[in-house]
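A.B. asks: Here's a structure for you.
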Amino acid sequence: MSPDHASGAPQRLLVTMALPYANGDIHLGHLLEAVQTDIFVRYQKLCGNEAVYVAADDTHGTPVELTALRRGISPEELVSRVREDHIRDYAGFNIGFDIFYSTNSEENRLYAETIYANLKANGLIVEREIDQFYCEHDKRFLPDRFIVGTCPKCKTPGQYGDVCESCGTIYQPTDLGDPHCMICNRTPVMKQSKHLYVRLERCEPFLREFIARPGLLQDDMRNFVKAWIDDGLREWCISRDGPYFGFRIPGTVDKYFYVWLDAPIGYLSSTDRWCCDHGRKVEEFWSRDADARVVHFIGKDIVYFHTLFWPVLLENSGFKLPSTIFVHGFLNIGGVKMSKSRGTFILAKDFIDKIRHPQAAEFLRFFFGAKLGHTAADIDFNAPEFISRVNTTLANNFGNLHHRTFVFCDRYFDHRIPDAAWDASIAAEVESAAAAIAQWYENAEYKSVVERVHELGNRGNKFFQDAKPWELVKTDPVAAAGIMVTCINLIKSMAVFLKPMVPSLVADLEGQLGLDHPLSWGDHAFSLANRPLGTIGKLVTPLTGEDVAPLFPPAETPALPVTSGPSQEPIDIDAFRKVELRVAGIVAAEKVEKSKKLIRLQVDIGSGTRQILAGIGESYTPEELIGKQVIAIVNLQPASLMGHVSEGMLLAAGSADGKPILLAPEKPVLPGAKVS
């Protein structure tokens, strides 16, 4: 179900991300999901819908208990400290939670007990006696992460007792090879213990119907879950032996709810807390007949819990089932899985501390948006692509159109948006784009949004360039005014479309437009003319290799062996070493007036940007050069060409027709990397 844009009827949504675990800091993988969810919520609110963004820390279970044990503090003290850090880190990236709560709450305990009672009343709870590892030294059973050993499937050592982090296999602790206690490292013994199970197999007809609902899951994820059901549903253990950090199960002496029972219930209890704080009723969102949508955003590693366990809990207690579960892939760093040992594990606070660019957090939001589509494919975060995507669309497309338009209005139209008619064909293009962009936002297909906005920016920059308003204003000021009004309105439309991704950047633009209200979805339509502008300033500062270098230290470049070639005048190695070759990223490009071949380029060489003039106009247009990586000589004496200073030279080879073809690295690398 999507918002009724035609009637303007507001929708009510309850939107969640997976609850971050309360035993460590927020990393970029957490942020990917938080940003994905935040973009969706901001879009809904932009449209006038009521979207409540609910989040909380997932606080119970053995990892929290173990971390607290290592730090010499209580689990309660640990989750309190971690919560403060999590709130700080998310705030640094403008994540707009309506509530950030905790599963270690009285509300969560009551909902967990209620749901358990309903499962029991419906005949879905059964008690079984099982074999379980027991540490005689520490006098306790060893659930989940209190025991480590070798994965029974892929044979990777050092895996926890619930899931293999190497191959993703879910298993019982007793399936581990070479088991040992996490606390004392001793080999445990086997003992019997009684535990409580949910009989999932009795819910198979319901679960098959549930996952088949239109719009619930992406096709690949639906097939994934169906294969699990086809393989046969197994009973789900929901109890753990004490001592255990969690809620004691009613009617038992020393049994506690498994963390994966009360963790998703945190969505419910956090909503309840928000409703109490705002004079609302939780039934408005979670009753079975509520006129609301429940939307979850999760990673593909927890699909099993959200599509099998969680709906069974809701269905048997009369709560509303989720209407959509958006599943995303993992975040890799530089093409590899995030790893502390490899230096590819990036914390949110390190990103903020190390990248000094004032718009860095906003740029990361945009980068994630530009990468997120309607699939669960993994996403890679690397410096060259980060720089390229930000500069290509935000700086050199949107930012460039903004700067040249606003400066022109300031200079030639007395700091006002002129009183003139806009170009009707461009206004129609925007309306057409708005319909497509609205649907992409609904489907969390943000990548397509960015691509369409970039196309609009190209259209605007070409419109500006082709019209030559700097000449037109001298001969036909009314026509020049129409160009500016069109560009101003196009910039405003692009800002509306980008606002869920880059809210701070758009807030800056709202001030420069002199608006007396924040932009809403309906403001994408052309409407501005004959009004003063606000204080004008540069909207986007390009990102450089130097900005991100502290987060991505450049790798050592091994020297290549020297070979002789067909040179007419051989040089020695010392002469060659005087030539400083570096990888450069093209961040801006434009033709030099009165020249058929020269293009003026701004290139990022890692330590900053350089202006280089290159005679490549017969082979490339300025638009297709932006974002490319090239090889540049960066230690040439500056030269003057047609009134412009050139601070380097690009390497190129002659094609069959004699036109130059730029040389480039085979794969993206960090700008400023030395070529040797």
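A.B. asks: Against the definition (assigned to a helix (DSSP H, G or I), in contact with a helix residue (DSSP H, G or I) (Cβ under 8 Å, 6 or more places away or on another chain) and more than 24 Å from Gly149 (Cβ to Cβ)), how does Trp228 come out, yes or no?
C.D. replies: Yes.
A.B. asks: Restricting segment 640-663 to residues that are assigned to a strand (DSSP E or B), within 43 Å of the chain's Cα centre (by Cα) and among the small types (Gly, Ala, Ser), which is modelled with the lowest pLDDT?
C.D. replies: That would be Gly654.
A.B. asks: May I pose another question? Counting only residues that are of a type outside the set (A, V, I, L, M) and out of contact with any strand residue (DSSP E or B) (no Cβ under 9 Å at 6 or more places or on another chain), which one in segment 121-142 is surrounded by the most Cβ atoms within 10 Å (Cβ to Cβ)?
C.D. replies: Restricting to residues being of a type outside the set (A, V, I, L, M) and out of contact with any strand residue (DSSP E or B) (no Cβ under 9 Å at 6 or more places or on another chain), the top hit is Asn122.
A.B. asks: For segment 156-194, which residues satisfy the criterion of being within 35 Å of the chain's Cα centre (by Cα), farther than 29 Å from Gly72 by Cβ and modelled with pLDDT of 90 or more?
C.D. replies: Thr156
A.B. asks: Let me confirm something: among Lys591, Lys667, which residue is out of contact with any Asp or Glu (no Cβ under 7 Å at 6 or more places or on another chain) and modelled with pLDDT of 85 or more?
C.D. replies: Lys591
A.B. asks: Ok, one more. Within segment 143-165, which residues are assigned to a loop (DSSP other than H, G, I, E, B) and among the acidic types (Asp, Glu)?
C.D. replies: Asp162, Glu165
A.B. asks: Would you say Phe366 is modelled with pLDDT of 95 or more, closer than 18 Å to Ile39 by Cα and either part of a loop (DSSP other than H, G, I, E, B) or among the aromatic types (Phe, Trp, Tyr) (or both)?
C.D. replies: Yes; evaluated as a whole, the condition is true for this residue.
A.B. asks: Can you go through Lys492, Lys538 and tell me which one is under 27 Å from Ala435 (Cα atoms), assigned by TED's automatic domain parsing to the domain that holds Asn397 and not small (Gly, Ala, Ser)?
C.D. replies: Residue meeting the stated conditions: Lys492.
A.B. asks: State whether the residues of segment 506-520 include one that is assigned to a loop (DSSP other than H, G, I, E, B), at negative phi, of a type in the set (S, T, N, Q) and touching a Gly at 6+ places or on another chain (Cβ under 8 Å).
C.D. replies: Yes, segment 506-520 has at least one match.
A.B. asks: Scanning for something under 18 Å from Tyr441 (Cα atoms), in contact with a strand residue (DSSP E or B) (Cβ under 8 Å, 6 or more places away or on another chain) and surrounded by 22 or more Cβ atoms within 10 Å (Cβ to Cβ), does segment 338-348 turn up at least one residue?
C.D. replies: No, segment 338-348 contains no residue that is under 18 Å from Tyr441 (Cα atoms), in contact with a strand residue (DSSP E or B) (Cβ under 8 Å, 6 or more places away or on another chain) and surrounded by 22 or more Cβ atoms within 10 Å (Cβ to Cβ).
A.B. asks: Quick one: Arg248 ticks every box in (1) in the same structural domain as Val35 (by TED's automatic domain parsing); (2) under 28 Å from Tyr197 (Cβ atoms); (3) touching a strand residue (DSSP E or B) at 6+ places or on another chain (Cβ under 7 Å) bar one, so which box is it?
C.D. replies: Unmet condition: (1).
A.B. asks: Just one of Glu50, Glu77 is more than 23 Å from the chain's Cα centre (by Cα) and more than 18 Å from Phe146 (Cβ to Cβ); which is it?
C.D. replies: That would be Glu77, the only listed residue that is more than 23 Å from the chain's Cα centre (by Cα) and more than 18 Å from Phe146 (Cβ to Cβ).
A.B. asks: Read through the list (1) under 24 Å from Arg389 (Cα atoms); (2) in contact with a Leu (Cβ under 8 Å, 6 or more places away or on another chain); (3) part of a strand (DSSP E or B), then give the number of the only condition that Gly617 fails.
C.D. replies: (3)
A.B. asks: Checking the structure you have, find out if any residue of segment 315-333 is of a type in the set (D, E, K, R) and over 30 Å from Glu235 (Cα atoms).
C.D. replies: no
A.B. asks: Is it the case that some residue within segment 137-152 is of a type in the set (S, T, N, Q), at pLDDT 90 or above and closer than 22 Å to Ile302 by Cα?
C.D. replies: yes
Residues checked against (1) of a type in the set (Lys, Arg); (2) surrounded by 24 or more Cβ atoms within 10 Å (Cβ to Cβ); (3) touching a helix residue (DSSP H, G or I) at 6+ places or on another chain (Cβ under 8 Å):
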residue	(1), (2), (3)
Gly29	no, no, no
Gln44	no, yes, no
Thr59	no, yes, yes
Ala68	no, no, yes
Gly72	no, no, no
Glu76	no, no, no
Ser80	no, no, no
Arg83	yes, no, no
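The values are calculated or read from the model by the stated rules, or taken from the named source; none is laboratory data. Everything numeric here is computed off the predicted structure, so don't read it as measured data. Methodologically, a virtual Cβ is constructed for each residue, glycine included, from the backbone with ideal geometry; neighbour enumeration extends over all protein chains shown.
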